[in-house]
Each structure stands twice: as structure tokens, then as C-alpha cells.
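Engineer: Sharing a structure here in C-alpha cells format.
The values are calculated or read from the model by the stated rules, or taken from the named source; none is laboratory data. Quick caveat: nothing in here was measured; it's all calculated off a predicted structure. Cβ placement follows ideal geometry from the backbone for every residue including glycine, while neighbour counts extend to all protein chains displayed. Just so you know, the surface numbers come from the protein's heavy atoms only, side chains and all, with ligands and any DNA or RNA stripped out. Shrake-Rupley method; radii C 1.70, N 1.55, O 1.52, S 1.80 Å.
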Amino acid sequence: MAHLDHDPDARPDQRSLVDLASVAPMTAQLNTAGHMEVGGVDLVELAYQHGTALYVMDEAHLRHCLQSYRSELTANWPNSVVAYASKAFICKAMCKLVAEEGGWLEINSGGELAIALAAGFDASQTVMHGNNKTERELAEAIGAGVGRIVVDCFEELERIQQIAAERGLIQKIQLRIKPGVVAETHSHIITGAEDSKFGFGINDGWAEQAVQIALQSPNLELCGLHCHIGSQIFALDCYEQAVEVLFRLIGNLRKKIGYLPSELNLGGGVGIAYLVGQQAPEIAGFVKTVTGAIARQAARLGLTQTDIRLFIEPGRSIVANAGVTLYTVGAIKELTGIRTFVAVDGGMSDNIRTCLYDARYECLIADRAGEPRDALVTVAGKHCESGDVVAIDSSIQSPEVGDTLVVLATGAYNQSMASNYNKQPRPAVVWLVDGKVREVIRREEYADLLSCDVG
Ligand code: LLP
């Protein structure tokens, strides 16, 4: 079998699969039947047995990415926490896997907290986010004993103080700071710019004011500062800029009010390759860049690694390339001189990213994975909108009705943003490892669509 890692002995007819190594799950390979497999499981067989559309994840890949973050941080900044950003993909199995790999969980709502708790995840190792956490969510989070609440606005400072006081507790918090850094990424997922709904600005004095209020609130323990500059970021110097800005703030806070944070949370955002040829940052490079920047800035204030506990919150870079989506080709329309539409049994309900962010994906036909991808097609969904496309102008093997079409790098923000548009039941999620298939989220049935319909 030719592994997707560049195999010098790969025959030319295997090249198309080999070429996809940078975007495919790490155990993806071509099997002797000429089919694509992941985790030792034939994807054509899998589609047949579990139906399509189907989200598939490579468990070894998930673990490998979490372990890379952990080991790079252990080498460069041992006083640190990797809090997996669960919004990228969450279910009980994922929470358990994160716990097994020694990670914390970054959660963003009462719903994500509920899933973490149902999985038995230790609440004290969760970091709770959100730019408008409701009273109910805050009460649930404080009641469950979440490790940190990242406070986003003045109103929350007040609400958390009040709830914690009522319960006679002290809640650990971090403050979300808006560093005014414009990361190079899609405008919808820039979060650290001045014109952002997230966090406390620096130039307007809000950050300093928030620190003062937190320090004066008897039931809040201000552990440190947080910033998240955006998502799908390739240019690591944006992180260095953010660190510089945070330390300028820290220097001023120390001078003015004698405050020094003991925790610094740099959020997530590391970009991944969706297309062959995209040079995404390596996890090691990201960790070295941020820890180097923090070390330099901290040294100027006479601080060392032991003074600052570093948190990071990676999401996409752990799950995106671990996942693929399988569809069955249902119809093919060759519009002469225009384009060829390949219609699949899913679409914008299981992958909204193409519509929302002009996302691009690599696709292939699992049945003939070793053959050249010489047909240029647009993969269209089954929904009632012209904009319902999964992949525009994608090169795949010449498609046939009934083929299993694979869309790569769909592990992050695809299942988590899925909808029931056109009352499409959401697909199952299966994890593959060592030739075994494990269903972690079952396929929705029509009964699920009716379960909340009480009219
Ligand atoms: N921490 C915070 C506070 C965040 O808001 C996010 C993502 C992360 C960490 C994780 O970022 P990551 O490592 O996954 O880039 N739906 C969009 C992405 C939205 C990201 C929102 N925040 C997409 O599909 O591209």
C-alpha cells in the first residue's frame, strides 16, 4: 500500500492520492482495491455500511495533533495549558479524548458546557468564553466549577461577581483584551481588530478599567489576560504583534496600579492547509514563535517562565485535517462550455463554510483514488439554493453516479455549524482507528426533526 506520505516508490497512477498528503488525515492511504482508506478502513465500504453524507475522523490524527501541541509546549514553555477549542468540533468522545491527552477544554456556551459535563470532563479544566454569556450560562458555569471564565464586557464582571458572591465562591477569571491587531484572514474571522465586538480595548482605557474593577471585586480572582486575534492565520508575526501589545499593556498596568498577570492566554487561530500547496504553519513553529515572543517581552519586565502560565486554545489545527466528509454522487450535469455539476447527498447543511467564507476544498473519488484527478467539476449540494456548493472548480477523478466522493479537511467547523436546512437530518460522525469504526454521533432520523415540534 502506498502511504500518503510522499512515497518514492509510488507509481504514477497513485500520484493524485500522494499529492493530497498535506491536506488529508495522517493515516489516509490507497488500498489494494484502489480505494482510499483512513485508519485502516476502506471509505467505499464505510459509505456503503453507514450511508452518506458521513463525517469521518482519523482518531490517530486527532491524538497526534494534541500531542504535538503538548510536547512542543513542554519543551518550550512547560508552565502551560492546551485548551482545545471545542467550537471546532465537540461531542462526548472528543471531550474524553482531550482529557486522555492531558488537555483542557475551551467552551463557549451552556450547551458546550453541558456536553463536556455529560462526558465527565473535569469542569475545573475548562475555560468559558462568549461575548454575551447569559445569566443562566454564567450561573451554570460557576455552579459547575469551570476553571476560568474569560470575561468579555463590563456587564459580565458585575454578573459574575454577583453570582459568585451569592454562592460564597471566588471565581477565577481572565480578561479578554482586544489588541488592535488585524490578522491576515477572512474578514468574518478576524477578532482582534479595534472594530470587533470581542473584548476590552486598550487605547480607550477599557482594559485598564476592567482590570481595576476585577481587582476590586471580592469574589473575582483575576488570573490574567486573554486575546484571540482570529482564525485560519498563516502569518505568525500577527501573534508576535499581539504579544508585544499585551506586554505594553502589562508594563503600563504594573507601573500605574502594580498589577502583574500570572496567566496569559493567546487563544487559537493557527491556520491549516485546505488546498495542496498551501503552506500552513507547523504546530512546532507556532509554539516556538509565541513562546519566543513572550520570553523576550517578559524578560524586559524581569519575568520568567515560572511567573507566567501560558494558555493556548487551538481548535481547527487539531481537528480540520483529521476529518473528511463522504457523499454519494447522485447526479452529474455537464453544461457544455460552462461547467460540470456533480450533485451529492448533502451540501450547505453539513458544510456551510463554502457559502460563508468562500472556503475551498480538495476532493476525490474514493472508489478510484489512485487514478489521476483530471475532471474539473463543481460539487453541488442537494439544497434549494444556487449558492449551495461544497467545492467550486475542483479536480477529481472522472465521476460516476454512485461513486463515493470525499471532501478533505472538513473536521473543523463543519459538523459544529451544521443545520437542518430543508429538514435534512444531520449526518453521523464516525471515528476510525486500527481498522475499527466507532460511531460517536449517530445520524439524525426524521423523528429527531420532530422531537422539538410540539405544535
Ligand atoms: N479561542 C477563541 C476565543 C476563539 O474564538 C476561537 C475561534 C478559538 C480559540 C479557536 O480558533 P481556531 O484554532 O479554531 O482557529 N467558523 C469559522 C471559525 C470561527 C472561529 C471562532 N473562534 C470557520 O469555519 O472558519
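Engineer: Within segment 105-130, count every residue that is assigned to a helix (DSSP H, G or I) and surrounded by fewer than 22 Cβ atoms within 10 Å (Cβ to Cβ).
Structural biologist: Number of matching residues: 9.
Engineer: Regarding Leu264, is this residue within 15 Å of the ligand (Cβ to nearest atom) and touching a Gly at 6+ places or on another chain (Cβ under 6 Å)?
Structural biologist: yes
Residues checked against (1) without any contact (Cβ under 8 Å) to a residue 60 or more places away in the chain; (2) surrounded by 22 or more Cβ atoms within 10 Å (Cβ to Cβ); (3) under 21 Å from Ile90 (Cα atoms):
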position	(1), (2), (3)
Glu400	no, no, no
Asp403	no, yes, no
Asn420	no, no, yes
Arg426	no, no, yes
Val433	no, no, yes
Arg443	no, no, yes
Leu449	yes, no, yes
Asp453	yes, no, no
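Engineer: In segment 404-417, which residues are within 13 Å of Val390 (Cβ to Cβ) and either within 16 Å of the ligand (Cβ to nearest atom) or under 15 Å from the mean Cα position of the chain (by Cα) (or both)?
Structural biologist: If the condition is that a residue be within 13 Å of Val390 (Cβ to Cβ) and either within 16 Å of the ligand (Cβ to nearest atom) or under 15 Å from the mean Cα position of the chain (by Cα) (or both), then Val407, Leu408, Ala409, Thr410, Asn414 are the ones that fit.
Engineer: Also, quick follow-up: Quick one: in segment 314-341, of everything that is touching a residue at least 60 places away in the same chain (Cβ under 8 Å) and open to solvent by 10 Å² or more (accessible area, probe 1.4 Å), which residue is nearest to Val430 (Cα to Cα)?
Structural biologist: Restricting to residues being touching a residue at least 60 places away in the same chain (Cβ under 8 Å) and open to solvent by 10 Å² or more (accessible area, probe 1.4 Å), the top hit is Asn321.
Engineer: Just to be sure before I move on: is Ala165 surrounded by 15 or more Cβ atoms within 10 Å (Cβ to Cβ) and more than 16 Å from the ligand (Cβ to nearest atom) in the structure I sent?
Structural biologist: Answer is yes for this residue.
Engineer: Based on what the data block shows, is Thr32 open to solvent by 20 Å² or more (accessible area, probe 1.4 Å) and either among the basic types (Lys, Arg) or closer than 25 Å to Met348 by Cα (or both)?
Structural biologist: no
Engineer: Within segment 342-359, restricting attention to residues that are charged (D, E, K, R) and open to solvent by 20 Å² or more (accessible area, probe 1.4 Å), which residue is farthest from the chain's Cα centre (by Cα)?
Structural biologist: The selected residue is Asp345.
Engineer: So Glu158 clears everything in (1) in a loop (DSSP other than H, G, I, E, B); (2) open to solvent by 30 Å² or more (accessible area, probe 1.4 Å) except one condition, right? Which one?
Structural biologist: (1)
Engineer: On to the next question. Tell me, which strands (runs of 3 or more DSSP E) wholly within segment 299-357 include 1 or more residues that are more than 16 Å from the ligand (Cβ to nearest atom) and assigned by TED's automatic domain parsing to the domain that holds Pro399?
Structural biologist: Result: 323-335, 339-344.
Engineer: Could you list, in sequence order, all residues of segment 119-165 that are under 17 Å from Leu220 (Cβ atoms) and among the aromatic types (Phe, Trp, Tyr)?
Structural biologist: Phe154 - this is the single residue of segment 119-165 that is under 17 Å from Leu220 (Cβ atoms) and among the aromatic types (Phe, Trp, Tyr).
Engineer: Any residue at all in segment 293-311 that's open to solvent by 10 Å² or more (accessible area, probe 1.4 Å), under 23 Å from Tyr274 (Cβ atoms) and of a type outside the set (Asp, Glu)?
Structural biologist: Looking for residues that are open to solvent by 10 Å² or more (accessible area, probe 1.4 Å), under 23 Å from Tyr274 (Cβ atoms) and of a type outside the set (Asp, Glu), one finds none in segment 293-311, hence no.
Residues are listed down the side, and each one gets a yes or a no for (1) away from the ligand (no atom under 16 Å from the Cβ); (2) in a helix (DSSP H, G or I); (3) at pLDDT below 95; (4) over 26 Å from Pro314 (Cβ atoms):
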| position | (1), (2), (3), (4) |
| --- | --- |
| Ala193 | no, no, yes, no |
| Ser196 | no, no, yes, no |
| Asp204 | yes, no, yes, yes |
| Gln209 | yes, yes, no, yes |
| Ile213 | yes, yes, no, yes |
| Pro218 | yes, no, no, yes |
| Val243 | no, yes, no, no |
| Gly268 | no, no, no, no |
| Tyr274 | no, no, no, no |
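Engineer: Specify the residue that is farthest from Tyr55 (Cα to Cα); the eligible residues are those in segment 68-92 that are open to solvent by less than 10 Å² (accessible area, probe 1.4 Å) and of a type in the set (A, V, I, L, M).
Structural biologist: It comes out as Leu73.
Engineer: Another question about this same structure. Hey, can you tell me all the residues within segment 360-384 that are surrounded by fewer than 21 Cβ atoms within 10 Å (Cβ to Cβ) and closer than 13 Å to Val407 by Cα?
Structural biologist: Listed by number, the residues that qualify are Arg360, Thr378.
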